[in-house]
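Single-structure report; data block below.
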Ligand SMILES: Cc1cc2nc3c(=O)[nH]c(=O)nc-3n(C[C@H](O)[C@H](O)[C@H](O)COP(=O)(O)O)c2cc1C
């Protein structure tokens, strides 16, 4: 069985919707994807960290807060320094997703942070691998309508509930990212 850990923080539930979509996309007959939610205090327990360290792939998710990851995600990232020192996550597949209120909202900074964090760990980054849905005919219903390439860039307008946003195009991109990570991880583990 290929195992995928999805480690994410969500303050108000919007990024959680993306995490659940990534899990849905990754799960198949030969892949088990598990969600690990970082708490409001920025914590994961030791047994969760041990499980994550056993996974074949780790996908990171955080909302964009003030042009970067939420501090809770950064606290988790800092807590992996011992894992980094031991190169325990080296060669594990990695990918990332974020979500913010504005169309741009500086979310590129967050994805670049997640990418660089994964590179510090020596992981193998899997990008989105999707063309953008960016013609006049396209709308937020269409996959990768926000045009991400490093990872999923979800958009949740500031007054939208998690039931309303991220929109279908972001949810579909998140499912596609989970599926791609599972498929590539399986190829690497034959
Ligand atoms: C402290 C804070 C900082 C934020 N900074 C940004 C930002 O830099 N860019 C942006 O577009 N949205 C920003 N937002 C909006 C959030 O990214 C947006 O509400 C997102 O959907 C929250 O995801 P969550 O429900 O998973 O916490 C910020 C929200 C908060 C609470």
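Please treat every number below as a calculation from the coordinates, not as lab data. As the structure is a prediction and not an experimental result, all values here were calculated from the model. Neighbour counts run over all protein chains shown; Cβ positions are idealised from the backbone, glycine included.
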Top of 79, 57, 174 by mean-square fluctuation, Gaussian network on the chain, Cα under 10 Å: 79
In nanometres, the difference between 0.36 nm per residue of separation and the alpha-carbon distance of residue 81 and residue 116 is 11.2 nm
For the chain, set up a Gaussian network in which alpha carbons nearer than 10 Å are linked by springs, and say which option among 105, 148, 68 fluctuates the most. 105
Using the Kirkwood radius over Cα pairs, work out the Stokes-Einstein diffusion coefficient for the chain at 4 °C and 1.567 mPa s, in µm²/s as a whole number. 80
Multiplying the sequence separation of residue 106 and residue 34 by 0.36 nm and subtracting their Cα-Cα distance, what value in nm do you get? 23.1 nm
Using only Cα atoms and rounding to the nearest 10 degrees, what angle (0 to 90) does helix 168-188 make with the longest principal axis of the chain? 30
For the pair residue 125 and residue 149, how long in nm is the line joining their label points, each one 7 Å along Cα→Cβ? 1.2
Between residue 135 and residue 43, what is 0.36 nm times their sequence separation minus the Cα-Cα distance? Round to one decimal in nm. 29.0 nm
How large is the helix-only mean residue ellipticity at 222 nm for the chain, computed as the sum of -39500 (n - 2.57) over DSSP H runs with n ≥ 4, divided by its residue count, in deg cm²/dmol to the nearest 500? -11500 deg cm²/dmol
I want to check the label-to-label distance for residue 51 and residue 71. Put each point 7 Å from Cα in the C-beta direction and report it in nm to one decimal. 2.8
Note to self: C-alpha centroids of the stretch 36-88 and the stretch 97-156 sit apart, in Å, by 19
Nearest 10 degrees is fine. How inclined is helix 14-26 to the longest principal axis of the chain, computing both from alpha carbons? 70
Most mobile listed residue (72, 88, 23) in the chain, GNM with C-alpha springs under 10 Å: 88
